[in-house]
Amino acid sequence: MERLFATEKHGGRALYRLHAITVFLGICLLLCYRAAHVPAAGTGRAAWLGMLAAELWFAFYWVITQSVRWCPIRRRTFVDRLAARFGERLPCVDIFVCTADPQSEPPSLVVATVLSLMAYNYPPEKLRVYLSDDGGSILTFYGMWEISAFAKHWLPFCRRYNIEPRSPAAYFAASDKPHDPHALEEWSLVKDLYEEMTERIDSAARLGKVPKEIKVKHKGFSEWNTGITSKDHHPIVQILIDGKNSNAVDNEGNVLPTLVYMAREKRPQYHHNFKAGAMNALIRVSSVISNSPIIMNVDCDMYSNNSDSIRDAMCFFLDEEMGHKIAFVQYPQNYNNMTKNNIYGNSLDVINEVELSGLDTWGGPLYIGTGCFHRRETLCGRRFTKDYKEDWDRGIKTEHCIDKTEEKAKSLATCTYEHNTQWGDEMGLKYGCPVEDVITGLAIHCRGWKSVYSNPPRAGFIGVGPTTLAQTILQHKRWSEGNFTIFVSKYCPFLFGHGKTKLPHQMGYSIYGLWAPNSLPTLYYAVIPSLCLLKGTPLFPEIMSPWIAPFIYVSVVKNIYSAYEALSCGETLRGWWNGQRMWMVKRITSYLYGVIDTIRKVLGLSKMGFVVSPKVSDEDESKRYEQEIMEFGTSSSEYVIIATIALLNLVCLVGGLYQILASGESKMALHVFFLQVILCGVLVIINVPIYEAMFLRKDRGRIPFSVTLASIGFVMLALFVPFF
């Protein structure tokens, strides 16, 4: 029988392996030089040993990253074979959308995402869309109520013209008017309906309340009659569209997907476990409403960009040869608001195109928390067995009294339901970690299941990425801290996965677990060689020494391959350069704070928190983002670190070159300090936008004078205080 998907190896691996072997040999020679040429005490030994430690770490981390580059694969699905074999006899799917804050995640943004998911190219009676609103906002519920009416127009329109994408916000923003008069008339009608709906939702959001005449139109609004807040409210479950009801049809008489709003109970005295808690509540609530064998979850800002992505996922689950082994199908995280040259390095292109494909070779990609199709039973803790067979026809298909179903579902979304149960441990998403998705995926892999990575030519999901430096730093701090928390816990991939997953799979997981500690050697390399240049302490071989060859070879070849990798993934050369800047910025800020906060949590000095990344920026910030001008604007400790490192390298380069040129033997001195001058010079060039923000720019996004003043103070302290 023909397979429903094919697995293909990436090309050029023999050439890459040759490259990797030569780089590895260069690293070995470099470390040999460090170990064999330790200077005498009092002549920079401490700084030298620090360089050895940093380079040992970089070598170790480079080896770890080879696990996903050695033999990456790609998957290709055959939707036509799926249709021929199963027709419309496909599994039911519960779709979970999570939102937490109507200010950071406006209801109109959530509405567009939900509509795109309801419009999947899939039997509508087998789709059930659930929204978890952790903000417990009547404004978000109002948006969902508006969806229940507009979907009657939007879904037939999508089917008739087979449009992509099926997010009305994205579609109308990108599409041209159709030329056919009848199509144009309908296009204009649906567009007007959507814009009117969005204006009503946005108007309510601006006022902070829903009009009284709207509240009487659905019983669900009465849930907000009592004084409730986002952190203190009873459980709310409202079935806005019951797909099992014969009257729930669109304007053409076709069944509408089920649509459910849920706000789990929140009380100040109970910890709610952030997004993991919301997902677990959705798993339970959906079990009494639909109980579909497949669960798909997506963030509220990640709309469906490909209406067939759900069928692509089914090609993996329903494949006769391998489908029974697959726990989840992960799609990449793509953004539609990246600038041409990726000013903040947020495109994730290399992760999406290279690293997740490499993980797929060894057992599957990690679960990244959005754009993922799960087998329900694996989320509920089931272990893989060779004789396991899924009942694809499972699910609640008969119509029940909505009021009774809602009340039963509410009882599953209370604060106390999980007490003395396995939820958050052996069942559902795991608790106790900011990246609950990664640790949950690791646990699933360790139970014997596989996952697959689906990255079709047309992206499955597209969302909104960070558009300011502050948002980028915040997001990567959360990611790095969460992954490092896993690495130093009992769930460390090398310990938890030992004997359960392959070693390269453990290494692949550890790439992200070790993001945070990368901050320390990076900070050392960005500071100490420059200070030693200024103070006349050599840390690298002389230019005429044969030992300089491995240093130059490793640095040059590694960066050339990095640029090639970025370019082959669709980035520009300038985008790659911006990525190198952000690589350093994130390591000396986000990852550094990730290390500090993780250590504090391990020592019991702080508790886990979760901050929602804002999805909106003001007009001035958006304009500067489009112009690819780095955004600072406010005073923060992260900006002080960035400015201090940039200014320190500028001072050391100028001062070091002055001392070399002023010495009687400038040529000899330049031979001795050649690599330090190059390193310091590269750091200065890469920080040019920082200097502009400190000294030249006059806009509101410049680095505040208080930050510049603080950085000057720290630079002076570094210059005049002995450090070794």
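Just for the chain, what percent of DSSP beta bridges are antiparallel, to the closest 5?
Within the chain, antiparallel bridges account for around 45 percent of the total.
Can you compute 3J(HN,Hα) from phi for each residue in region 388-394, using the Karplus curve 6.51 cos²θ - 1.76 cosθ + 1.60 with θ = phi - 60°, rounded to whole Hz and x for Gly and Pro?
Once θ is set to phi - 60°, the couplings for region 388-394 become 5, 9, 8, 8, 6, 8, 5 Hz.
So for the chain, averaging the separation of alpha carbon pairs under 8 Å that are six or more residues apart and normalising by length, what relative contact order in percent results?
17
May I have the convex hull volume per residue, in Å³, for the Cα set of the chain?
So the per-residue hull volume is 181 Å³.
Between residue 567 and residue 721, what is the label-to-label distance in nm when each label sits 7 Å out along the Cα-to-Cβ direction?
4.4
At 0.36 nm per residue, and after removing the present C-alpha to C-alpha distance, how many nm does the segment from residue 447 to residue 574 gain when stretched out fully?
Gain on extension, residue 447 to residue 574, equals 41.4 nm.
Between residue 393 and residue 103, what is 0.36 nm times their sequence separation minus the Cα-Cα distance? Round to one decimal in nm.
100.4 nm
Using per-residue counts of other Cβ atoms within 10 Å, averaged over each peptide, order 187-193, 207-213, 374-380, 631-637 from highest down.
374-380, 631-637, 187-193, 207-213
Could you give the accessible area per residue of the chain, probe 1.4 Å, as a whole number in Å²?
Here the residues of the chain average 42 Å² of exposed surface.
Kindly provide the helix-only [θ] at 222 nm of the chain, computed as the sum of -39,500 (n - 2.57) over DSSP H runs of four or more divided by all residues, to the nearest 500 deg cm²/dmol?
-16000 deg cm²/dmol
Taking the Cα centre of each part, how many Å lie between region 1-39 and region 396-447?
Spelled out, the Cα-based centre of one part sits 42 Å from the other.
Can you run phi through the Karplus equation (6.51, -1.76, 1.60; θ = phi - 60°) for region 105-110 and list ³J(HN,Hα) in whole Hz, with x for Gly and Pro?
Once θ is set to phi - 60°, the couplings for region 105-110 become 10, x, x, 5, 5, 5 Hz.
In whole Å, what three semi-axes, largest first, describe the equivalent ellipsoid of region 490-576 built from its Cα gyration tensor (square root of 5 times each eigenvalue)?
32, 21, 15
Name the trypsin sites (Lys or Arg not before Pro) in region 631-718 that are in a loop by DSSP and that have at most 12 other C-beta atoms within 10 Å, would you?
698
Going by the alpha-carbon gyration tensor, a ≥ b ≥ c the square roots of its eigenvalues, is region 623-724 rounded (a/c under 1.5) or, if a/c is not under 1.5, prolate (a/b greater than b/c) versus oblate?
Prolate shape, in that a/c is at least 1.5 and a/b is the bigger ratio.
Could you quote the convex hull projected area for region 170-297, Cα atoms only and averaged over all directions, in nm²?
11.4
Under 15 Å from the Cα of residue 667, which aspartates and glutamates turn up, not counting those fewer than eight places away in the same chain?
Residue 667 reaches 542.
Quick check: the distance between the Cα centres of region 130-179 and region 64-106, to the nearest angstrom?
Using only Cα atoms to place each centre, the spacing works out to 21 Å.
Can you give me the % of accessible surface on the chain that is carbon or sulfur? Probe 1.4 Å, all protein chains present, nothing else counted.
That share works out to 60 percent.
Give me a comma-separated list of calculated 3J(HN,Hα) values for region 345-359, in order, Karplus coefficients 6.51, -1.76, 1.60 applied at θ = phi - 60°, integers in Hz, x for any Gly or Pro.
With the stated coefficients, region 345-359 comes to x, 9, 5, 6, 4, 5, 4, 5, 8, 10, 5, 5, 5, x, 5 Hz.
With the crude spin-label approximation of a point 7 Å out along Cα→Cβ, what separation in nm comes out for residue 62 versus residue 383?
So the two model labels end up 4.1 nm from each other.
The values are calculated or read from the model by the stated rules, or taken from the named source; none is laboratory data. None of the values given here were measured: they were computed from a predicted structure. Please note: Cβ atoms are built from the backbone with ideal geometry, for glycine as well, and neighbour counts cover all protein chains shown. Ligands, DNA and RNA are excluded from the accessible area calculation, which covers all protein heavy atoms including side chains. Shrake-Rupley method; radii C 1.70, N 1.55, O 1.52, S 1.80 Å.
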